[in-house]
Amino acid sequence: MASIYFVVRSALVAGTRRFLQPTPPRCARSLHALLATAACAGLLAGCGGGGASGPAASSGGLLATDTSLSPSEFAANSLNLLAGQFGGPGSIDGAGRDARFNGISAIVFDAAGNEYVADTANNTIRKITPAGGVSTLAGLAGHAGSVDGVGTAARFSGPTGIALDGAGYIYVADTGNQTIRKISADGRVTTFTGVSGSSGSSDGARGTARFNSPAGIASDAAGNLYVADTNNLLIRKIDSTGTVITIAGSAGAAGTADGQGGAARFNGPHGIAVDSSGTLYVSDTWHFPQSHTDSVSSTIRKISPTGEVTTLAGLAGTTGRSDGSGATARFYYPGGLAVDAAGNVYVADTFNSLIRKVTPDGVVSTLAGGSGGSADGVGTAAGFLYPAGIAVDARGNLAVADTGNATVRRIDVNSRVSTVAGLAAQYGYLDGQGSDARFNGPYGLAADAQGNVYVADSFSATIRRISAAGVTTTLAGVPGIFGSADGIAGAARSSPTQPGSAQLNAAYGVAADASGNVYVADTGNNLIRKISATGMVSTLAGSAGQAGSADGQGALARFNAPYGVAIGRNGNLLVADTLNHVIRSVTPDGFVSTLAGVAQSVGASDGMAGAARFNLPYGIAAAADGTVFVGDSGNHVIRKISTAGVVTTVAGLAGSSGSSDGPSAIARFNSPQGIALDGNGTLYIADTLNATVRRLGLDGQVTTVAGVGGEDGISTATLPGRLYRPFGVAVMASGAVAVSSGNSVLLIRLK
């Protein structure tokens, strides 16, 4: 089957299509690690869907919800919210909702009420104080590895499980490294058992034992550790010396059979918890090599101190969300587990977005969660989005790693749910002023001379317009309806359902000309569309649903996921035809020709037109003299096409990613995407995977304008502020720079 990464991401995207994402590495196959990555932590950000709701953010001093200021009144040298809402994934330390997480998958309390979080997609271990202050205890966000060391010098690879022993040591199931790591109170990380990069199922001492994507981990009162060794289909025990033995299951033998020790079978153990008597509880979910339909298990298993495995709740081979007793209850890919002093087991029922309670005799009830989302409230009035981890303190309060919302939640003994740290992303579709507007995957941006910003709101299937006063309206497309019909644009129709309304399909690029026409790279349809100043949408070139690389007139031409568009000299439209790896030109009457590169030929060669090669060109911009600039994302460089058709690399080094400023040949980028020119010829670059906006000056110097390299998450403040995977940039007539980031459009006021 396709990995659970794609199953979860499909749910988060809510049926929309993600064309341009490369396949992620499958370094960790556990439910938690893959959920973490799925929670918008892939190479492209701003996953659509989910419908998360909650309070708007305030970060670093400028209120995201402050609509009393018009964009023209924003302070100099600041990053501001222009429209939409922000929240969601990131890697920012801070207080409460100013902090950002990325794919949290497990959580544990200490005796003082601190919470420790396995921040899986960030490859870090985070600490949350009782007051909500978030800091990074160990690891460095965005840097995977297997290095022992102190604090940020250490490296993890998709850490998924976390446990705490009586002496205060933290143990981590470092899933991608196939090891169990140990962290002291001062953040010193050592490898406790297993060998990094070496998977297997051997029992034995530290240097001999092997694991295969260990996920859950728990500690008992005697200091023993228990591990849900997911891809081995085993439950393992580790004593204080680091010696590993298998206590239940048979390596590589999937099944659902109850029984004694090695006679029992698991179908994919993930979460694990231990009570005061030494009884273990395991969420048994799925096993990667099997097909999706065959792999469903979704049960809670129980292992006695003598090794007898029984099924406490749920029924093997079925999923659902029914409360009830024992086999009448249903779960849907349950993740983390916790057990309280009375023997009640709490379950992060991940795909149901519920928190469940299982009594010692197997009676299942729903403690909190309803139909998804991120709302705080009591019991089923609260909303979660793919919660993966759970912990319980001595007073019976619960902490929840709410993975899909990138937040840490708390449930008190009265079932009241609150958000402790992080801020849920605000997805949706809504026109309105400033922060009242909602977007669902804004990508490409363009600006006109009147101060309007045009937004390709990809996953709502619309083109939006933000006025100079910060008011968002819909220019074209029918929200949530994906199609290719030409017809009436949003501004000209009486209602979204009016017959003849135009439709789009995951449009990524947008450009505006001086006559009021707007051009769209309709990526999902492989089309170039035109929205006239009179409010009609027409197809300028390409054939809907027909991918290819043919030059020619109108419908005879073919594109393959076109991304960026720009207005060139003489009114020709320039297109970054991304999956063809070429730059195309479209005349006003729709004739398509190839300007540079060779279709389906990937490379980084400079040279004359057809001799040059590109690798996933995304952004494109045109200077008044006819020079064209390209964000050559796959090569991590900025390219230039002269008026004579000669392609040169003007900044960065092909194949070398990084975030260095400096002279153009020394500067480094990481998947640069949207680009835009100001009136003086300065180039602004959305350096997507560095989470920054960069500037390439006429003197050849590259500087960082906004964001901090490697620190994901939006924070409006005095520059540099923080950004989350910026995609589109546009330079406004005022000199301000608009940037799409997460599900918001931000404004960089430079002076």
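Observations
- Here the alpha carbons of segment 416-458 define both size measures, Rg and Dmax, at 14.4, 50 Å.
- Relative to the current alpha-carbon distance between ASN680 and LEU556, full extension at 0.36 nm per residue lengthens the span by 40.9 nm.
- Lysine pairs within the chain, Cα separation less than 24 Å, 8 or more sequence positions apart or different chains: 4
- On the beta carbon distance between THR310 and ASN114, with R0 = 41 Å, the FRET formula returns roughly 0.75.
- Each Cα pair of segment 131-185 feeds into the Kirkwood radius, which the Stokes-Einstein equation turns, at 4 °C and 1.567 mPa s, into a diffusion coefficient of 111 µm²/s.
- Amide H to amide H distances under 5 Å link TYR427 with GLY51, ALA52, where only residues 5 or more positions off or on other chains count and H is placed in the peptide plane.
- The local environment of PHE192, defined by Cβ-Cβ distances under 9 Å, has a net charge of +3 under the rule Lys, Arg +1 and Asp, Glu -1.
- A simple rule links phi to the HN-Hα coupling: the Karplus curve 6.51 cos²θ - 1.76 cosθ + 1.60 with θ = phi - 60°, which for segment 551-566 gives 7, x, 8, x, 5, 7, 6, 9, 10, 9, 6, x, 10, x, 9, 8 Hz, with x for Gly and Pro.
- Using the Karplus relation 6.51 cos²θ - 1.76 cosθ + 1.60 with θ = phi - 60°, the per-residue 3J(HN,Hα) values for segment 699-704 come to 7, x, 8, 9, 10, 8 Hz, with x marking Gly and Pro.
- Whole-percent carbon and sulfur share, accessible surface of segment 164-246, 1.4 Å: 44 percent
- Helix 4-13 vs. the chain, principal-axis angle (Cα, 0 to 90°, nearest 10): 50 degrees
- Extending 7 Å from the Cα toward the beta-carbon at both SER656 and SER72 defines two label points whose distance is 4.6 nm.
- In order along segment 97-110, the phi-based Karplus estimate (6.51 cos²θ - 1.76 cosθ + 1.60, θ = phi - 60°) of 3J(HN,Hα) comes to 7, 6, 6, 9, 10, 8, x, 4, 10, 7, 8, 8, 9, 9 Hz; Gly and Pro are listed as x.
- Distant-in-sequence amide H partners of GLY372 (H built 1.01 Å from N, under 5 Å): PHE384
- PHE591, PHE109, PHE101, ranked by accessible area, largest first (probe 1.4 Å): PHE591, PHE109, PHE101
- Solvent exposure of the chain as accessible area per residue, Å², 1.4 Å probe: 31 Å²
- For segment 359-445, convex hull of alpha carbons as volume per residue, Å³: 122 Å³
- Heavy-atom accessible surface of segment 584-710: percent carbon and sulfur, 1.4 Å: 53 percent
- When the square roots of the Cα gyration tensor eigenvalues are ordered a ≥ b ≥ c, the ratio a/c for segment 322-372 is 1.5 or more and a/b does not exceed b/c, which makes its shape oblate.
- With both labels modelled 7 Å from their Cα along Cα-to-Cβ, the ALA611 to THR152 distance reads 4.5 nm.
- Shape of segment 269-408, Cα gyration tensor, a/c cut at 1.5: oblate
- Normalised by residue number, the volume inside the convex hull of the Cα atoms of segment 101-156 is 73 Å³ per residue.
- Tensor-based shape of segment 455-534 (alpha-carbon gyration tensor, a/c under 1.5 rounded, otherwise prolate or oblate): rounded
- Computed over the Cα atoms of the chain, the ratio of the radius of gyration to the Kirkwood radius (Rg/Rh) comes to 1.00.
- When GLU711, GLU73, GLU115 are compared by accessible area of protein heavy atoms, the largest-first order is GLU73, GLU711, GLU115, using a 1.4 Å probe.
- Amide H partners (placed H, <5 Å) of PHE669, local residues excluded: LEU653, GLY658
- Cβ-based net charge around PHE109, under 12 Å, with every Lys or Arg adding one and every Asp or Glu removing one: -1
- At the residue level, HIS143 shows approximately 90 square angstrom of accessible surface with a 1.4 angstrom probe and all protein chains present.
- Heavy-atom SASA rank of LYS237, LYS751 (probe 1.4 Å, accessible area, largest first): LYS751, LYS237
The values are calculated or read from the model by the stated rules, or taken from the named source; none is laboratory data. Just so we're clear, the structure is a prediction, and the values are computed from it rather than from any experiment. All Cβ positions, glycine included, derive from the backbone under ideal geometry; neighbour counts span all protein chains shown. These area figures cover heavy atoms from the full protein model, side chains too; ligands, DNA and RNA do not enter into them. Shrake-Rupley method; radii C 1.70, N 1.55, O 1.52, S 1.80 Å.
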